[in-house]
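These notes are about the structure you will find just below.
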Amino acid sequence: MEESGIVIKTSGEKADVLLQRNLNCGGCSHCHSTEDGTGMIAEVDMVPGLAYGDRVLLESTPIRQVTAGFIIFVLPLIFFIAGFLFGKKFLINSELIALIFGITFASIPYIVIYFFRKFNEKKGIFDFTIKKIISE
């Protein structure tokens with residue numbers, strides 16, 4: 001996947017790139033939303049010659065998109081069903097308790113994503129890389 005954006009901040013070995021939110025944005029944790037919610041900010045590694053205001057082309061591997069889609073959409077559904085069945089079969093035979101367990105289990109992938117993203121940030125691993133500088 002390729003996205004173009006504008007460098008809005010450079011600091012040390014990292015740069016923030018402002019991207020337009022599009023239909024492909026699904027909360028995959030590659031980026032985070034701007035304060036007004038109209039754009040996305042991706043943190044990337046600096047490349048030589050990159051400066052504030054440059055238009056850049058970012059690249060993410062397709063396998064990361066498929067993995068992110070699976071983690072965000074399919075895994076919570078699987079966990080919800082597992083939690084619901086666990087709550088219904090092994091605990092009290094109550095639909096309300098089963099529903100609560102299902103919702104609780106469905107939140108597990110999102111919690112894992114949160115900590116995985118923090119871990120990657122500490123290690124300096126980012127999902128997007130700068131493919132080229134389009135204009136300076």
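Here is how the numbers come out for the structure above:
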item	result
PHE116 in a helix (DSSP H, G or I), at negative phi, modelled with pLDDT under 80 and not basic (Lys, Arg)	yes
Test: LEU99 is of a type outside the set (Val, Ile, Thr) and in contact with a strand residue (DSSP E or B) (Cβ under 9 Å, 6 or more places away or on another chain)	no
Identity of the residue in segment 2-40, at pLDDT below 80 and at positive phi, that ends up farthest from the chain's Cα centre (by Cα)	GLY37
Condition broken by VAL56, with the remaining ones in (1) surrounded by fewer than 16 Cβ atoms within 10 Å (Cβ to Cβ); (2) in contact (Cβ under 8 Å) with a residue 60 or more places away in the chain; (3) among the β-branched types (Val, Ile, Thr) satisfied	(1)
Residue count, segment 64-113 (criterion: loosely packed, with under 15 Cβ neighbours inside 10 Å, of a type in the set (Ser, Thr, Tyr) and either free of Cβ contacts under 8 Å to residues at least 12 places away in the same chain or within 26 Å of MET1 (Cβ to Cβ) (or both))	2
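The values are calculated or read from the model by the stated rules, or taken from the named source; none is laboratory data. As the structure is a computational prediction, the values presented were derived from the model and not from experiment. Glycine gets a Cβ as well: all are built from the backbone with ideal geometry, and neighbour counts include every protein chain shown.
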